[in-house]
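Take a look at the structure set out below.
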Amino acid sequence: MTSPSTQRGSASTAAFDPSTATIAVVTFNRSGLLTKLLESIVRMDPQPGHVVIVDNASTDDTTDVVESFRERIGAEIVYRRLDTNTGGSGGFSEGMRVAYELGSEWIWLMDDDVEVIPDGLAKMGAWSGRFQSIQGRRYDYDGSEFYWQYRISEPLGIPIPFAPSKFDSSGYKEMNSGCFEGMFIHRDIVARIGLPDPRFFIYWDDQTYGWLASRITTSVIVDEFVLRRTREIKQWDMGIRHMNASSDAYRYYIMRNRAIIKRYYRALGVYHAVPFALGTALTFAKELIRLLFVERKVRGTSNLVRGLRDGRKIARDPQWQPMPPLVADASA
């Protein structure tokens, strides 16, 4: 029996060439998780043309792990070990750059703490004839269906936590956000909006990049499970939603990087001070709730305050510019 996903994508599947796709992975000191991901890529059918692995200056045996898979994965492995840890943002920016320069038509981004469903690339490719910015779905560590906040409130600059999770018969929903854990994007979009901004270091980078993509193309999340998380994260179950544990670094950057979003909004003429400030206040409150109910502690608020303080320097920097497009005429 033909699956619903095959039926929906049958018109475009023949036009999709998996060898033109590149999987770009960012890793840092998690060779065990990276091994699981690479094992899943070995089992993929079809396989991509390239697998780009960006190593954020790991000090474990990541290099040896990568080398051990060169003869096992059908795709060509391109390994980039960076001199310093550039964060997830810097890693994905470099991974996108390498994939783009390889001539990849499609770039599939992911962290090292997931594994790919064997037919995941075929599922994503089935939609490639209709859309150029595509997000697949993911199973959580326990096998449950992960809910990703695919819509943001543009005035507030924050995700809408209760956007409808159900799909209709079309099999997709329009989104105006993005997640580097599974973003599948065409090189034409990358050329027009540029590389992901490494200045975020961590947090808000993928949301902002997906939002930029949605401004020039119809971006969608499709009802296709293509990834599975392989790392357990402490959570607070709120019934229809859950909240993950965080870290002091995340708390700092989640507040500091509001200033980077503000700069993008200003550059593109969509910034409005009052609603954006409300979005920042709601973000601060959410992180306080995360501290109290997920991590069950009160220490950590100083990182939120420090992030806000350092963000003011970014907001006032007269030299700051958005990431440039990769083509001379961004409207081409």
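Any residue that is outside any loop (DSSP other than H, G, I, E, B), under 22 Å from the mean Cα position of the chain (by Cα), hydroxyl-bearing (Ser, Thr, Tyr) and buried (at least 20 other Cβ atoms within 10 Å of the Cβ) - is there at least one of those in segment 265-272?
no
With (1) within 25 Å of residue 20 (Cα to Cα); (2) under 14 Å from the mean Cα position of the chain (by Cα) as the list, and residue 201 as the residue in question, which single condition is left unmet?
(1)
Run down 205, 188, 223 and say which single residue is closer than 23 Å to residue 117 by Cα and of a type in the set (Asp, Glu).
Going through 205, 188, 223 in turn, just one is closer than 23 Å to residue 117 by Cα and of a type in the set (Asp, Glu): 223.
Any residue at all in segment 219-228 that is at pLDDT 95 or above, among the acidic types (Asp, Glu), assigned by TED's automatic domain parsing to the domain that holds residue 123 and under 14 Å from the mean Cα position of the chain (by Cα)?
No: segment 219-228 contains no residue that is at pLDDT 95 or above, among the acidic types (Asp, Glu), assigned by TED's automatic domain parsing to the domain that holds residue 123 and under 14 Å from the mean Cα position of the chain (by Cα).
Filter segment 103-150 down to the residues that are of a type in the set (Val, Ile, Thr) and under 22 Å from residue 323 (Cα atoms), then identify the one that is surrounded by the most Cβ atoms within 10 Å (Cβ to Cβ).
Only one residue tops the list, namely 134.
Restricting attention to segment 48-82, which residues are among the small types (Gly, Ala, Ser), modelled with pLDDT of 95 or more and assigned to a loop (DSSP other than H, G, I, E, B)?
Passing the criteria: 49, 57, 58, 75.
Only one of 144, 169, 165 is without any contact (Cβ under 8 Å) to a residue 40 or more places away in the chain and closer than 24 Å to residue 33 by Cβ; which?
144
Out of everything in segment 135-155 that is within 13 Å of residue 207 (Cα to Cα) and at pLDDT 95 or above, what residue ends up being nearest to the chain's Cα centre (by Cα)?
135
Does segment 84-102 include one or more residues that are surrounded by 15 or more Cβ atoms within 10 Å (Cβ to Cβ) and in a strand (DSSP E or B)?
No - not one qualifying residue is present in segment 84-102.
The values are calculated or read from the model by the stated rules, or taken from the named source; none is laboratory data. Note that the coordinates shown come from a computational prediction; the quantities given were computed from them, not determined experimentally. Cβ atoms come from the backbone with ideal geometry, glycine included; neighbour counts cover every protein chain shown.
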